Amino acid sequence: MDVGKGDHHAHGLTPAGKTVHDKKLPNSEPKLRALFTKLQAKFGTVLLIVDQVANIGALPIAVARDVGCEVAYLPGLAMRRAADLYPGEAKTDARDAFVIADTARSMPHTLRSIETTDETSAELAMLAGFDDDLAGEATRISNRLRGLLTQIHPSLERVLGPRVQHPAVLWLLERYGSPAQLRKARRRQLTDRLRPLAPRMAERLVTDILAALDEQTVVVPGTAAAATIVPSLARQLSAVLDQRRTLEAQIKDLLETHPLSQLLMSLPGVGIRTGATLLVTIGDGSTFATAGHLASYAGLAPVTRTSGTSIKGEHAPHRGNRQLKRAMFLSAFAALHDPISRTYYDRQRTAGKTHTQALLRLARRRIDVLFAMLRNGTFYESRPPRAVALAA
């Protein structure tokens, strides 16, 4: 089934490749239920394959499960590569539906199973997705703010830019949108107002701001307009960050109710948001036969490319679940405080790997640990670095 917003296109094939259905199908439960029931009555077991498991593909999967059909997922990249093997260059829903069905029939290894999603996981997936949207919006506004400050006063941006999401800096930008307004404020006044928001750095921050203001005496064209825009952007950014904090509390409450949450978060570097992403993307890990399969799904298994003697080496794959790959990468970075993770990271750097390469290799190693934890149902246990060195 090539799923769509208003209509799907369903193409049915028997195991022998005979077409038994090829029509558009409205995205409504009665129509979906009628089709699945009809096919089951005539052919027995029915396997529904979709190219999207969330959003527009959620209803077909739910209805198919409700009537007793089996369901599976064909990743979009695999589907597009398979489409190149079929004649014709047209891109239509009917052709895509046929490619999905025939690929599932002839190359079943390309399919991915779809776990039954409980209410907690479904809510976590939705909240985590919204949090990702808010994170992107916060980045966009932050970049816009830093760009404006760089344009009108580069020295001031060097002080405020790296801390632009700090509550103290946002409060400052909301009330003093231009260098001229900041100059009018007194040192003690600024320090007293910033101290509740930044107790440790209030005095240092004010000192740095005043020093930066003294470095530039000319007024860059557009500064007056920026004085209107900067406070507005600061308010928007503050509101987005408040939403993220509220959302994090909701995610934390939901995560704590799931039986796997404590196990996942026992792994160093896994926090609330990362734990939610792991839970949503891999669940209990039972759909993966080995840690290698999980690493491949995460896009962390290196791909070997050789062609005689001219091309050799292993390269990072371009496929895989991007959410999971990002979560493992960020958790590996956050786990550098852990002695075992740090030792492995330092060993990779010593071997000549870049920071990113070393983190990716650490993320791949942590996939093995995570898979073993899920398989055995055990919490993470740290071993002394000496034992690790001897084992290596």
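Computed from the coordinates by the stated procedures, all read-outs in this text should not be read as laboratory data. Bear in mind that the values here come from a model prediction, so they are computed numbers and not experimental data. Because the Cβ atoms are built from the backbone with ideal geometry, glycine has one as well, and the counts that use them run over all protein chains shown.
The table below lists the values:
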{"read-out": "In region 1-54, the trypsin sites (Lys or Arg not before Pro) that fall in loop regions by DSSP, at most 14 other Cβ within 10 Å", "value": "K5, K18"}
{"read-out": "Label-point gap, in nm, between R158 and S106 - each point 7 angstrom along Cα→Cβ", "value": "6.3"}
{"read-out": "Within-12-Å neighbourhood charge of R349 [Cβ basis; K, R +1; D, E -1]", "value": "+3"}
{"read-out": "Gyration tensor (alpha-carbon) shape descriptor, region 108-166, a/c threshold 1.5", "value": "prolate"}
{"read-out": "Efficiency of FRET from Cβ geometry, A224 and R33, R₀ 56 Å, rounded to 0.05", "value": "0.35"}
{"read-out": "In region 175-267, the GluC sites (Glu not before Pro) that fall in loop regions by DSSP, at most 14 other Cβ within 10 Å", "value": "E215"}
{"read-out": "0 to 90° range, to nearest 10: angle between helix 223-256 axis and the chain longest Cα axis", "value": "50"}
{"read-out": "For region 205-213, Karplus couplings with θ = phi - 60° (6.51, -1.76, 1.60), whole Hz, Gly/Pro x", "value": "5, 5, 4, 5, 5, 5, 5, 5, 5"}
{"read-out": "Over region 122-253 - Rg/Rh using Cα atoms and the Kirkwood inverse-distance radius", "value": "1.04"}
{"read-out": "Label-point separation in nm, A185 to T257, each point 7 Å along Cα→Cβ", "value": "4.2"}
{"read-out": "Label-point separation in nm, A94 to E70, each point 7 Å along Cα→Cβ", "value": "2.9"}
{"read-out": "Shape box of the chain [Cα atoms, principal axes, largest first, Å]", "value": "82, 58, 52"}
{"read-out": "Relative contact order of the chain, defined on C-alpha pairs under 8 angstrom at six or more residues apart (%)", "value": "12"}
{"read-out": "Gain on full stretching of the segment that runs from D22 to T207 - 0.36 nm per residue minus C-alpha separation", "value": "59.4 nm"}
{"read-out": "Cβ charges +1 (Lys, Arg) and -1 (Asp, Glu), total dipole of the chain, debye", "value": "1180"}
{"read-out": "5 angstrom amide H check on L13, placed H, neighbours 5+ away", "value": "V20"}
{"read-out": "C-alpha long axis of helix 29-43 to longest principal axis of the chain, angle in °", "value": "30"}
{"read-out": "Nonlocal amide H pairs with L48, under 5 Å, H built at 1.01 Å", "value": "E70, V71, A72"}
{"read-out": "Simple Cβ-charge dipole of region 7-114, Lys/Arg +1 and Asp/Glu -1, about Cα centre, in debye nearest 20", "value": "200"}
{"read-out": "Around R193: net Lys/Arg minus Asp/Glu count, Cβ-Cβ under 13 Å", "value": "+2"}
{"read-out": "GluC sites (Glu not before Pro) restricted to region 51-150 and DSSP loop, no more than 10 other C-beta within 10 Å", "value": "E89"}
{"read-out": "Helix 339-350 axis, angle to the chain major axis (alpha carbon atoms, nearest 10°)", "value": "90"}
{"read-out": "Extension gain (nm, one decimal) between A135 and H337, 0.36 nm per residue minus Cα-Cα", "value": "70.3 nm"}
